[in-house]
Amino acid sequence: MRPRYIPNRGINLDYLMWLFTRISGLGIILLSLIGFGSAMYMGARLQLDLPTVLRWTFLPNPNHVVNSNIPDVTVGWATAFWQIMQYLIIFFAFTHAANGIRMIVEDYLGHTFWQPFVRALIALVWIGMVIVGIYVVLGSAY
């Protein structure tokens, strides 16, 4: 049996990511509530059905209801505010998930030779996911 690794006291990556996980969780909840409130407001104004309102809540995208009978959907939703909301949701959600995966994998790996390689792989996957998410938001703006 190997001895348990005890990290150094003070500010380090593990502490900062632990703190970020708590803050990003609250950020995701706050952004979801703002999106839900706005989707309910726009849904009442444009008479959207519930599945459409829920799609708007979690990823406001003007192409979600293109095939519906609602006139001028992009007027209320294709704005810089909603694009920034989408970027924040993407950043918080992907970073929160990548940090969770990093913590789970490091629990199984421990402090071995493979730890830096796994961290680099998770960082590359995170960067790729954020780039794809930003591309989707930019591509669906108009």
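Do we find a residue being at pLDDT 70 or above and touching an Asp or Glu at 6+ places or on another chain (Cβ under 9 Å) anywhere in the range 82-104? Checked the range 82-104: at least one residue is at pLDDT 70 or above and touching an Asp or Glu at 6+ places or on another chain (Cβ under 9 Å).
Considering the conditions (1) surrounded by fewer than 17 Cβ atoms within 10 Å (Cβ to Cβ); (2) assigned to a helix (DSSP H, G or I), PHE113 is excluded by exactly one of them, (2).
So that you can scan it fast, the table gives a plain yes or no per residue for (1) at pLDDT 80 or above; (2) of a type in the set (A, V, I, L, M); (3) in contact with a Pro (Cβ under 6 Å, 6 or more places away or on another chain):
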| position | (1), (2), (3) |
| --- | --- |
| SER32 | yes, no, no |
| SER38 | no, no, no |
| ARG45 | no, no, no |
| THR52 | no, no, no |
| ASN67 | no, no, no |
| THR74 | no, no, yes |
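Cβ-Cβ contacts under 8 Å between residues 6 or more apart (or on different chains), taken from a first residue in the range 1-21 that is closer than 18 Å to LEU109 by Cα to a second residue that is modelled with pLDDT of 70 or more and assigned to a loop (DSSP other than H, G, I, E, B), are listed as ARG2/GLY110; TYR5/GLY110; TYR5/HIS111.
The values are calculated or read from the model by the stated rules, or taken from the named source; none is laboratory data. Every value quoted in this text rests on a predicted model; they were computed, and no experiment measured them. A quick note on method: Cβ atoms are made from the backbone with ideal geometry, for glycine too, and the neighbour counts reach across all protein chains shown.
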